[in-house]
1. Among the residues of the range 164-174, are any out of contact with any Leu (no Cβ under 7 Å at 6 or more places or on another chain), of a type in the set (K, R) and closer than 27 Å to R15 by Cα?
2. Filter the range 220-229 for residues that are touching a residue at least 60 places away in the same chain (Cβ under 8 Å) and closer than 24 Å to V161 by Cβ; which is most open to solvent (accessible area, probe 1.4 Å)?
3. Would you call Y136 touching a helix residue (DSSP H, G or I) at 6+ places or on another chain (Cβ under 8 Å) and among the aromatic types (F, W, Y)?
4. For the range 91-133, give me each residue that is free of Cβ contacts under 8 Å to residues at least 60 places away in the same chain and under 17 Å from A191 (Cα atoms).
5. Looking at I190, I172 in this structure, which one is buried (at least 16 other Cβ atoms within 10 Å of the Cβ), over 18 Å from the mean Cα position of the chain (by Cα) and not in a helix (DSSP H, G or I)?
6. Right, E143: of a type in the set (D, E) and modelled with pLDDT of 95 or more or not?
7. Please pick out the residue among E143, E183, E128 that is part of a loop (DSSP other than H, G, I, E, B), more than 15 Å from the chain's Cα centre (by Cα) and over 24 Å from N46 (Cβ atoms).
Amino acid sequence: MTEHDLEPQLAANRRYWTGWAGPDGAGDPGGDLPIYRTDIAYPLLNGVLRVRNQPLDQAFDTAKQRLAGSAWAWWVGADSDEGTAEGLLALGSTQIADLPIMAIDITRLPGFEPPAGLQTRPVAGRAEITEYVGTYAGPLGIEGDLGLVVDRELDFAYSDVVRLAAFVDDRIVGTCTLSLGTEVAALYCIATDPAFRRRGIATELTLVALRVARAAGHRIATLQSTPEGEPVYRRIGFETVSRYRVFAF
């Protein structure tokens, strides 16, 4: 397997996002219509991860019923039926994101001097997870009461998720979630406190996560970037291998 093998990366993404629904609601991430719901008022935390082998209007009716009352989104990647994006637009959706899918061979990682005074380690327990969520919520655009986000993190469907935090003077200033449960390691929630940006914190967190993944036996890692973050990850060694288009209603 190389960083250009796309399906294992998409499978890792489906598994992670369905994990937010908790052990009782995660469903089958490998199914033809994987749907996940958290009721958090943030569209990427409720949605459809692909449609395959079924009429789009039928899938859309199912999604509307199961996600009614939530803010939700529909991911369209290379694992969706051809014409899905155009069909969603015809059904009245709006494209809200165009996300590069990036991958790296983690047997080859660059050297990097960590920022002075920075400590990086996993977090656990409600108090640390609450601070962790509070750090990434603003940069990622998650607003309002974050208590449900904390609850969903603590009740995540899979135990093979590592939440890495960067600390300065015992304060969390950066976050990176690492999912290790599939053939490809996957990174999420990479965020830096705005007061600590441009110090290399996100780069250090990403490299620490990649080293953890390598130590766990993984060769390839993937992430979904914003277009603005794409050059940052490219400097680390990631390549853009595909894209997600994300739609909301």
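1. Checked the range 164-174: no residue is out of contact with any Leu (no Cβ under 7 Å at 6 or more places or on another chain), of a type in the set (K, R) and closer than 27 Å to R15 by Cα.
2. So in the range 220-229, the residues touching a residue at least 60 places away in the same chain (Cβ under 8 Å) come out as 220-227.
With the extra rule that they be closer than 24 Å to V161 by Cβ, the set shrinks to 220-226.
Values: I220: 1, A221: 0, T222: 1, L223: 3, Q224: 38, S225: 3, T226: 71 Å².
Going through the qualifying residues, I end up with T226.
3. Details: touching a helix residue (DSSP H, G or I) at 6+ places or on another chain (Cβ under 8 Å): no; among the aromatic types (F, W, Y): yes.
In short, no.
4. Q119, R121, P122, V123, E128, I129, T130, E131, Y132, V133
5. Working: I190 fails: over 18 Å from the mean Cα position of the chain (by Cα).
Being buried (at least 16 other Cβ atoms within 10 Å of the Cβ), over 18 Å from the mean Cα position of the chain (by Cα) and not in a helix (DSSP H, G or I) holds for just one of I190, I172, which is I172.
6. Details: of a type in the set (D, E): yes; modelled with pLDDT of 95 or more: no.
The answer is no for E143.
7. Numbers: E143 fails: over 24 Å from N46 (Cβ atoms); E128 fails: part of a loop (DSSP other than H, G, I, E, B).
Residue meeting the stated conditions: E183.
Listed here are the residues, each with its yes/no results for (1) among the aliphatic types (A, V, I, L, M); (2) open to solvent by 10 Å² or more (accessible area, probe 1.4 Å); (3) under 30 Å from L89 (Cβ atoms); (4) free of Cβ contacts under 8 Å to residues at least 40 places away in the same chain.
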| residue | (1), (2), (3), (4) |
| --- | --- |
| G181 | no, yes, no, no |
| A186 | yes, no, yes, no |
| L210 | yes, no, no, no |
| H218 | no, yes, no, no |
| F238 | no, no, yes, no |
| R243 | no, yes, yes, no |
| F247 | no, no, yes, no |
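The values are calculated or read from the model by the stated rules, or taken from the named source; none is laboratory data. Keep in mind it's a predicted model, so treat the numbers as computed, not measured. Reconstructed Cβ throughout: ideal geometry from the backbone, glycine too, with neighbour counts over all protein chains shown. All accessible areas refer to the heavy atoms of the entire protein, side chains included, with ligands and DNA or RNA removed. Shrake-Rupley method; radii C 1.70, N 1.55, O 1.52, S 1.80 Å.
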